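Worksheet for the structure shown next.
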Amino acid sequence: MSVTAPPEHLDAHGRAESPPERPPARARSRAARSPRRRRTLEVLLAYGLLLPSLLVFAVFVFYPLVRQIYLSFFLTPPFPGEPKHYAGLSQIQQVLTSHDFLNSLWVTVLFVLYTVPAGLVLGLLLAVLAHQQLRGIRFFRTVFSSTVATSVAVASVIFFTLLNPQIGLFSYWFGRTGQLSVLDDPRLALLAVSVVTVWQNLGLAFIVMSAGLQAVPDDLLEASRVDGAGPWTRLRHVILPMLSPTLFFAIVVGSILSLEAFGQIDILTSGGPLQHTNVLVYAIYDQVFNQNNQGRAAVMTVALFLITLVFTLIQIRLLERRVTYER
Amino acid sequence: MGRVALTRVTKRFGEVTAVSDITLEVEDQEFLVLLGPSGCGKSTVLRLIAGLESPTDGSIEIGDRVVNGVEPKERDVAMVFQSYALYPQMTARRNIEFPLKNQRTPKLERARRVEEVAETLELTEVLDRRPAQMSGGQRQRVALARAIVRRPEAFLMDEPLSNLDAKLRTQTRTELIELQRRLATTVVYVTHDQVEGMTMGHRVAVMENGVIQQVGAPTEIYDHPANLFVAGFIGNPPMNVLTGLPTSEDGRLAIETPGGGIPLTAPQQDAVRRSGATQVAVGVRPEHIRLDEDGPLRASVAVIEALGYENHVVCRLEDGQQVIVRLRAEVAAPREGDKVHLGAEPRRLHLFDATTGARIGT
Ligand SMILES: Nc1ncnc2c1ncn2[C@@H]1O[C@H](COP(=O)(O)OP(=O)(O)OP(=O)(O)O)[C@@H](O)[C@H]1O
Ligand SMILES: [Mg+2]
């Protein structure tokens, strides 16, 4: 265009009338440039602020993770100072198909199955009980949630004493005084460890379930009472559907907790009797600290990592689009 | 028989007395409105009838039996909540049939009754939708359907229209009235909206502070408010109330207010004398005040609110107190700033003891 007509918003003398919805041209172009620069600065700032935690993660998480994956390709001799041998996939294949690994995997699955559903149901039960408007219910709420204040070690020691075949109260109740300890009985050891775990996690389960119950609107519960629903119908058709996000959350988090369980097994059974409580975490520990076989341990670690990762991904998905119902 | 009766019912929550010594009888097939400001205990009364709360004192009857201590589900009442309280994961159909399922109604019968109610309330199209997929009005009707489908002795409704927009509310109000007349069931209806109170109920019970102030037909309550609270609460714009001393002149009693002395009829004078009230509150509805050269009150016009079909002339007395005059649109309104005189027919005056609030005379 050779001849430029005066822009519409200039009057006959070339002065800008500048209608309010259109800022003057120069201001506009500056405004267009500066947000981009500001964005760049913001991004740099963001990374700067993230740097400390990135460093911590790198040192304590990312490096060990990469190192484990790397190690799982090497045969590591049990004596310090000896060179590692690259073994490629052969060690991985050998470990993953070994009887010990498969046993540990199976024990781990059993352990999750024993602990997660039971913890869920008991936690829900206590939460429903504590949700009643009864005199002195606060006391019970405190009691029900009290196990969060104990550590796995404390819980294990308590139960170790209770199950002691000579002096244990439980042994006495179940008429097993003087007999083989439950913890040494291949049929019962895993169950016993599971009971301790459920007990120890009960406080947390109770709190999570209680929080879920709080979110069930009172008028829904009241409506169902007027609509003739008994306690069971109310639980089944009103409370549980509203609680489903909480239940999913509890299942996933509970599973991860059980996959990572170590302390109670170490204290109560050390993986025995006859490997019957030798969950993956304990087997890994055993490989590193008793067998001095870091290569095998690395393979199992990576396997456990992948299993836990699946649960974590499920959890992230759930948190992103929580299974909630609009009212 | 859908009679509901409360006898000397009190409900306390710790220190708070939500309902205080209430006696109320709702007749079979009656539409009774519990009307009162927020926090006066309306919902509590309803919840006591439903069995969601148990009374601290007194007895509650539904039909012919005393239901104190009877579980809500055994009371054969249905409740519509302000929030509708629909089960979010259930479709409209399953919401509506939920009470029937709990009664173990056979499946075919259940389906038939749901269809029937859905048709009555024009819900057939949305039967397979969940509450989140419905409009506010549809949700409200599903809540209603869930109550109707059981054919209970009585319906309890707690502000069921308050979540609807103004237009839908008016429409639904009419539909609810029709529905109640058609089903011929007892309804106890809680609202703080006086228009709903006046238009829907056979009778209205006005509550304040946990106490029933007056029970009566809407016109009775409007024309003969039992006390200052009812007088002020019912009516829009509200009743004008001027307080003054009863003063005698030549043996004739008048109420001396800041705007001037208000003369009384002979029976009114008698009543005031007999009541022994030291301060008298004189109430006049805005539509009963006239702009009158010879009127006893001097005032100036502050604002004219033109509503199209009528004008509200807001006047101020000398001491700044406000008096509203309702004028039909055809009547020439004064201009803002004009000095006017106000008067009313003596029989239109409501007299109250200003200290106790109680009505003086008839
Ligand atoms: N569960 C409760 N615990 C303690 N106080 C309560 C409880 N329920 C109601 N109250 C009190 O009782 C009084 C009456 O409450 P209610 O819900 O009956 O009022 P309302 O007339 O329905 O009011 P609104 O119009 O706001 O719904 C209020 O002061 C309220 O704070
Ligand atoms: Mg209420």
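Worth a mention:
- Qualifying residue in segment B:11-30 (condition: more than 23 Å from the chain's Cα centre (by Cα), of a type outside the set (Gly, Ala, Ser) and part of a loop (DSSP other than H, G, I, E, B)): yes
- Under the condition of being more than 7 Å from ligand 1 (Cβ to nearest atom) and farther than 14 Å from residue B:61 by Cβ, the residues counted in segment B:20-36 number 9.
- Scanning segment A:286-313 for residues that are open to solvent by 70 Å² or more (accessible area, probe 1.4 Å) and either assigned to a helix (DSSP H, G or I) or of a type in the set (Phe, Trp, Tyr) (or both) yields A:289, A:294, A:305, A:306, A:310, A:313.
- Check on residue B:92, crowded, with 22+ Cβ neighbours inside 10 Å, farther than 29 Å from residue B:231 by Cβ and within 16 Å of ligand 2 (Cβ to nearest atom): no
- Residues that are touching a residue at least 12 places away in the same chain (Cβ under 8 Å) and either of a type in the set (Val, Ile, Thr) or open to solvent by 80 Å² or more (accessible area, probe 1.4 Å) (or both) within segment A:149-168 comprise A:149, A:150, A:152, A:157, A:160, A:166, listed in sequence order.
- Flag set for residue B:6, criterion: open to solvent by less than 10 Å² (accessible area, probe 1.4 Å), more than 16 Å from ligand 2 (Cβ to nearest atom) and in contact (Cβ under 8 Å) with a residue 24 or more places away in the chain.
- Looking across segment B:9-31 at every residue that is away from ligand 2 (no atom under 16 Å from the Cβ) and among the charged types (D, E, K, R), the one that is farthest from the other protein chains (Cβ to nearest Cβ) is identified as B:21.
- Test: residue in segment B:109-124 that is among the charged types (D, E, K, R), open to solvent by less than 20 Å² (accessible area, probe 1.4 Å) and assigned by TED's automatic domain parsing to the domain that holds residue B:10: no
Okay, residues lined up against (1) small (Gly, Ala, Ser); (2) within 11 Å of another protein chain (Cβ to nearest Cβ):
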{"position": "A:221", "(1), (2)": "no, yes"}
{"position": "A:235", "(1), (2)": "no, no"}
{"position": "A:246", "(1), (2)": "no, no"}
{"position": "A:255", "(1), (2)": "yes, no"}
{"position": "A:268", "(1), (2)": "no, no"}
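- In segment B:45-66, the residue that is nearest to ligand 2 (Cβ to nearest atom) out of those that are more than 13 Å from every other protein chain (Cβ to nearest Cβ) and of a type in the set (Val, Ile, Thr) is B:45.
- In summary, residue B:70 fulfils each of the numbered conditions (1) over 28 Å from the mean Cα position of the chain (by Cα); (2) open to solvent by less than 30 Å² (accessible area, probe 1.4 Å) with the single exception of condition (2).
- Checking each residue in segment A:179-215 for being surrounded by fewer than 17 Cβ atoms within 10 Å (Cβ to Cβ) and within 26 Å of residue B:96 (Cα to Cα) picks out A:214, A:215.
- Reported count of residues in segment A:71-90, each being closer than 19 Å to residue A:289 by Cα and surrounded by 11 or more Cβ atoms within 10 Å (Cβ to Cβ), is 7.
- Hey, residue B:82 at the interface with chain A (Cβ under 10 Å from one of its Cβ atoms) and within 16 Å of ligand 1 (Cβ to nearest atom) or not: yes
- Members of segment A:223-233 found to be more than 7 Å from chain B (Cβ to nearest Cβ) and either part of a helix (DSSP H, G or I) or buried (at least 20 other Cβ atoms within 10 Å of the Cβ) (or both), listed by number: A:224, A:231, A:232
- Flag if residue B:80 is under 26 Å from the mean Cα position of the chain (by Cα) and under 25 Å from residue B:131 (Cβ atoms): yes
- Among the residues of this structure, residue B:39 does not count as one that is assigned to a strand (DSSP E or B) and over 27 Å from residue B:151 (Cβ atoms).
- Segment B:303-362, subset of a type in the set (Gly, Ala, Ser) and part of a strand (DSSP E or B), residue surrounded by the most Cβ atoms within 10 Å (Cβ to Cβ): B:344
- Candidate set: segment B:163-206, residues that are among the polar types (S, T, N, Q) and either within 16 Å of ligand 2 (Cβ to nearest atom) or within 17 Å of residue B:140 (Cα to Cα) (or both); chosen: the one surrounded by the most Cβ atoms within 10 Å (Cβ to Cβ): B:191
- In segment A:94-148, the residues that are open to solvent by 70 Å² or more (accessible area, probe 1.4 Å), assigned to a loop (DSSP other than H, G, I, E, B) and closer than 30 Å to residue B:53 by Cα: A:132, A:133, A:134, A:135
- Segment B:37-63 - residue that is near ligand 1 (Cβ under 9 Å from one of its atoms) and of a type in the set (D, E, K, R) and, of those, nearest to residue A:223 (Cα to Cα): B:47
Rundown of residues vs (1) open to solvent by 20 Å² or more (accessible area, probe 1.4 Å); (2) within 16 Å of ligand 2 (Cβ to nearest atom); (3) among the polar types (S, T, N, Q); (4) under 19 Å from the mean Cα position of the chain (by Cα), yes/no style:
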| site | (1), (2), (3), (4) |
| --- | --- |
| B:208 | yes, yes, no, yes |
| B:215 | yes, no, no, yes |
| B:232 | yes, no, no, yes |
| B:237 | no, no, no, yes |
| B:241 | yes, no, no, no |
| B:244 | no, no, no, no |
| B:256 | yes, no, no, no |
| B:261 | yes, no, no, no |
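- Residue in segment B:68-79 that is of a type in the set (Gly, Ala, Ser), within 12 Å of chain A (Cβ to nearest Cβ), within 16 Å of ligand 1 (Cβ to nearest atom) and in contact (Cβ under 8 Å) with a residue 12 or more places away in the chain present: no
- Within segment B:124-162, the only residue that satisfies the criterion of being free of Cβ contacts under 8 Å to residues at least 60 places away in the same chain and either within 16 Å of ligand 2 (Cβ to nearest atom) or under 19 Å from the mean Cα position of the chain (by Cα) (or both) is B:161.
- Filter result for residue B:17 (more than 12 Å from ligand 1 (Cβ to nearest atom), open to solvent by 40 Å² or more (accessible area, probe 1.4 Å) and more than 30 Å from residue B:111 (Cα to Cα)): no
The values are calculated or read from the model by the stated rules, or taken from the named source; none is laboratory data. A quick note: this is a predicted structure, and the numbers were derived from the prediction, not measured. A quick note on method: Cβ atoms are made from the backbone with ideal geometry, for glycine too, and the neighbour counts reach across all protein chains shown. Ligands, DNA and RNA are stripped out before the accessible areas are found, and what is left, the full protein with its side chains, is counted by its heavy atoms. Shrake-Rupley method; radii C 1.70, N 1.55, O 1.52, S 1.80 Å.
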